[in-house]
Amino acid sequence: MKTLISVVVPTYKEAENIPVLVEAVDRVMKEAGLDYEIIIIDDDSRDGIEESVASLRERNFPVSIKIRYGQRGLSSAVIEGLRLARGNVFVVMDADLSHPPEKIPELVRPILEGQAEFVVGSRFVKGGSVENFNLYRRLVALVARLLARPFIKIKDPGAGFFAFDSRILTAESFEKLNPVGFKIGLELIVKLDPKNVIEVPINFRPRFYGKSKLTPREQLLYLIHLKRLLHYKYRSIHQLLFFALIGATGMVVDMTTVFITYGQWRIDFRIARAIGFVVALTWNFFLNRLLTFPDSRTKNVFVQYRRFFLVSCLGGLFNWFIAVYLYSNYAFFHRNYLLSVFLGIAGGFLINFFGSRNFVFGK
Ligand code: GDD
Ligand code: MN
């Protein structure tokens, strides 16, 4: 059986680049003696790309196009393309010629020879480079790279040019894919967990025609993507981190509420303090439901709220009890009373956390 290479190309307003790209890929693949297909996923650009592809097909280039309507997104477009791909090796690359087509054989060969399951066209290994990136874009790329460190060890986790063994993308693994934004390579490496990931240096060139779609919105989507990966790969750390962060914001909400109800409106302090507690509790509840335990949102919100209330009261009680117990029974804690308070808070936090995880938002 002859091997086939599927090249998946997401496009949005890239019509002018397509003939240049297809001809370049064709030349390279013929030279390397590789059979290939090109699959373009276009998000309804209406810039003449369909006509352009039709005329390339007439000239016998093995290229096809699928237009998606009412949807935008690089990563989801790539996934759509991977569903259609039939090759033994899948290659993903941009349409704008930033990714050098002449490198495709170098990405593909280690996979065909069984040395790797995933090969990344890397800008940041020895021999790789980025042309014409200004200081701002370099900085953004650096921060983006550091944030991806906990998930994959490679030098260029943001790469959009890569190849992998099509066998690692099984029907079940499609279900796991859930990316937003641009970093589809990162998503695939984390979720498919390929055995050997290697990096091949590339020179990332300025785009040929048109302009970049990497907007601040994409950078925000990247943070959302990272949160999802954290939830996927390190669930407990993700939960603890978000529970603690939300708890900290709840404290601010609590104090602000007391400041308004007691400080401004002169409501009785005992009542104001209780209002602050309930407002903060409600705030914490909804944020935790949305961000810390996103899988539990299908369950009845009133039942969950009632349970959260209960757990929070228990946590508060424990908090108080621990502090008072330590303070009253040990001279050491009597002297260092703030330490008693701290340990009370920590104990209350654990009650709140595990109660929320197992009882409120659990199975
Ligand atoms: N279908 C579809 N839908 N394609 C899209 C969309 C979209 O919403 N947005 C962008 N694309 C396509 C573009 O048409 C292009 O082919 C490719 O995705 C990359 O988009 P660019 O606008 O050229 O992005 P870039 O050059 O800033 O980003 C590239 O470099 C980054 C590293 O700095 C990409 O390769 C990124 O994946 C990479 O992280
Ligand atoms: Mn580009």
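The values are calculated or read from the model by the stated rules, or taken from the named source; none is laboratory data. Every value quoted in this text rests on a predicted model; they were computed, and no experiment measured them. Reconstructed Cβ throughout: ideal geometry from the backbone, glycine too, with neighbour counts over all protein chains shown. Ligands, DNA and RNA are excluded from the accessible area calculation, which covers all protein heavy atoms including side chains. Shrake-Rupley method; radii C 1.70, N 1.55, O 1.52, S 1.80 Å.
Of the strands (runs of 3 or more DSSP E) lying entirely inside region 86-204, those containing at least 2 residues that are open to solvent by 20 Å² or more (accessible area, probe 1.4 Å) and away from ligand 2 (no atom under 16 Å from the Cβ) are 197-201.
Of all the residues in region 135-162, those that are more than 16 Å from the chain's Cα centre (by Cα) and charged (D, E, K, R) number 3.
Determine whether region 108-118 contains at least one residue that is within 15 Å of ligand 1 (Cβ to nearest atom) and in contact with a strand residue (DSSP E or B) (Cβ under 6 Å, 6 or more places away or on another chain). Checked region 108-118: no residue is within 15 Å of ligand 1 (Cβ to nearest atom) and in contact with a strand residue (DSSP E or B) (Cβ under 6 Å, 6 or more places away or on another chain). Take the conditions in contact (Cβ under 8 Å) with a residue 12 or more places away in the chain and open to solvent by 50 Å² or more (accessible area, probe 1.4 Å) and apply them to LYS233. Does it pass? In short, yes.
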